[in-house]
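Data block below; observations after.
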Amino acid sequence: MSAQPGPLPPAPGERWRTEVTLEDLEDTAEFATGLAGLLGPGDLLVLTGGLGAGKTTFTQSLGAALGVTGMISSPTFILSRIHRAQGTGPDLVHVDAYRSDSAGLESLDLLSTMAEAVTVVEWGRGVVESALVGTDGSWLDLELLREDSSPSPDAAASDTSSKTEIITDFSETEAEVLGSARRAVLRGYGPAWAQPPAL
């Protein structure tokens, strides 16, 4: 089981890195639509970001742009869902690796669906890349970072100790519903993503 408190750092060896500010849900949907136009069967997208960063919201827009069936929701308690293509496009396999490890993900047999699907793995950084595409393989790493406002001086002054927050509510935050700004950092790895795409 994974015990990581937050996202792991990006893997070394990125070919390029691009950063975009997504002001609201419309920007997020537009970015996801642009990225969906570049993805095809066999592509791996490792989706990273803290709780409430908008990973599932992004994946919903990506699925809509790919034209897949079924409601896309957080796979936190299911681990993996396959959303079938309505037309000739690829299926979408949506995975959550938050409480798993390489062995746990191997039991999902993701390799059997890779060839005909776009595979999106939330919390998969450092866990799925070599298992699914190999050490010389290609993948995209998308990190979503919330653009939270700075804490007030009073709040900063009162926080003098290191606190650990235990999160038991996995429902959408008000910021997700309203569409607060977030930063998207997209990284390309391997020969298939040697050049940054035009988004």
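Within the stretch 29-54, the residues that satisfy the criterion of being over 19 Å from Pro196 (Cβ atoms) and in contact with a Phe, Trp or Tyr (Cβ under 9 Å, 6 or more places away or on another chain) are Ala29, Gly49, Leu51.
Residues that are open to solvent by less than 70 Å² (accessible area, probe 1.4 Å) and modelled with pLDDT of 60 or more do occur in the stretch 144-152.
If you go through the stretch 59-80 and keep only what is open to solvent by 20 Å² or more (accessible area, probe 1.4 Å) and modelled with pLDDT of 80 or more, you end up with Gln60, Ser61, Ala64, Ala65, Leu66, Gly67, Thr69, Gly70, Met71. Reported count of residues in the stretch 122-137, each being part of a helix (DSSP H, G or I) and farther than 12 Å from Pro191 by Cβ, is 4. Evaluate the stretch 108-118: report whether one residue or more is crowded, with 22+ Cβ neighbours inside 10 Å and at pLDDT 90 or above. So far as the stretch 108-118 goes, yes, one or more of its residues are crowded, with 22+ Cβ neighbours inside 10 Å and at pLDDT 90 or above.
The values are calculated or read from the model by the stated rules, or taken from the named source; none is laboratory data. Note that the structure is a prediction, hence the values are computed from the model and not measured. Note: ideal-geometry Cβ built from the backbone for every residue, glycine included; neighbour counts use all protein chains shown. For accessibility, only protein heavy atoms count, side chains too; no ligands or nucleic acids. Shrake-Rupley method; radii C 1.70, N 1.55, O 1.52, S 1.80 Å.
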